[in-house]
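Report on the following structure.
The values are calculated or read from the model by the stated rules, or taken from the named source; none is laboratory data. Because the structure is a prediction, the values reported are computed rather than measured. Cβ placement follows ideal geometry from the backbone for every residue including glycine, while neighbour counts extend to all protein chains displayed.
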Amino acid sequence: MTENEEYARSGEEKIKNAFKEKDWTEIRTNDSWALFKIMAEFVEGFEKMSKIGPCVSIFGSARTKPNNKYYPLATEVALKLTKQGYGIISGGGPGIMEAANKGAKEGGGKSVGLNIELPFEQEPNPYIDSDKNLNFDYFFVRKVMFVKYSQGFIVLPGGFGTLDELFESLTLIQTYKIGKFPIVLMGSDYWAGLIDWIKKSLLEAEGNISPQDLDLFHVADTADEAVKIINDFYSKYTLKPNF
């Protein structure tokens, strides 16, 4: 059986289980255990992350190979951020995440990995500090850790997961749920189509965002540009958790 076939079968089983009739006692028991597990993930995350200090999260695809131009770019920006005193938080897996943790390690900075249990792709990379390697079952708990303990986001090319993290952070800032911290999209060619769609469709055609919402993110092509954006922002503000 191929990986795609196994993934499809797993998806079908999840759908069948979701519609399987359950009695009230079974539902309540399952929900209670899930609640305790969610609480445990929050407690462990808060306990460990609160001791790390100022960090920048670096997002991007797990599928990016070392010979892709964005891999060394992620490594470089992470290294240069650690030289400025920031720790680096990644999703803990391969690809851009690995490159980010590698840069943090080379720069002598704190290297944090927030891993998520997935059927494919996700295994901890070897550049995470052993005492800063956290594992999560729940995406929403993991995303809270990214946002609460990050003083900025560096977003490199990625897929649905990267876009999810990007738009969640933009939404939280737009709705004043967290402070306005810097978000940097690296790779102007990669993000050009998305930014054009945001301007033409979301803003101009439908009015679904405000003109000032376009100021919630920056675009950079080099590590030096990205680091400058972060540093310029915090030359005016105090570093602290976001909520």
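Of the residues LYS148, LYS180, which is exposed (fewer than 15 other Cβ atoms within 10 Å of the Cβ) and at pLDDT below 95? Reasoning before the result, please.
Values: LYS148 fails: exposed (fewer than 15 other Cβ atoms within 10 Å of the Cβ).
Of the residues listed, the single one that is exposed (fewer than 15 other Cβ atoms within 10 Å of the Cβ) and at pLDDT below 95 is LYS180.
Checked against (1) without any contact (Cβ under 8 Å) to a residue 60 or more places away in the chain; (2) of a type outside the set (A, V, I, L, M, F, W, C); (3) in contact with a helix residue (DSSP H, G or I) (Cβ under 8 Å, 6 or more places away or on another chain); (4) under 30 Å from VAL43 (Cα atoms), ASN133 passes all but a single condition, namely (3).
Residues of the stretch 211-228 that are surrounded by 12 or more Cβ atoms within 10 Å (Cβ to Cβ) and of a type in the set (S, T, N, Q): THR222 alone.
Can we say ILE58 is touching a Pro at 6+ places or on another chain (Cβ under 8 Å), under 22 Å from SER169 (Cα atoms), aliphatic (A, V, I, L, M) and crowded, with 24+ Cβ neighbours inside 10 Å?
Details: touching a Pro at 6+ places or on another chain (Cβ under 8 Å): no; under 22 Å from SER169 (Cα atoms): yes; aliphatic (A, V, I, L, M): yes; crowded, with 24+ Cβ neighbours inside 10 Å: yes.
Judged against the criteria, ILE58 is not a match.
Quick check: anything in the stretch 177-187 part of a helix (DSSP H, G or I) and either closer than 23 Å to ASP232 by Cβ or out of contact with any strand residue (DSSP E or B) (no Cβ under 6 Å at 6 or more places or on another chain) (or both)? No, there is no match, as no residue in the stretch 177-187 is part of a helix (DSSP H, G or I) and either closer than 23 Å to ASP232 by Cβ or out of contact with any strand residue (DSSP E or B) (no Cβ under 6 Å at 6 or more places or on another chain) (or both).
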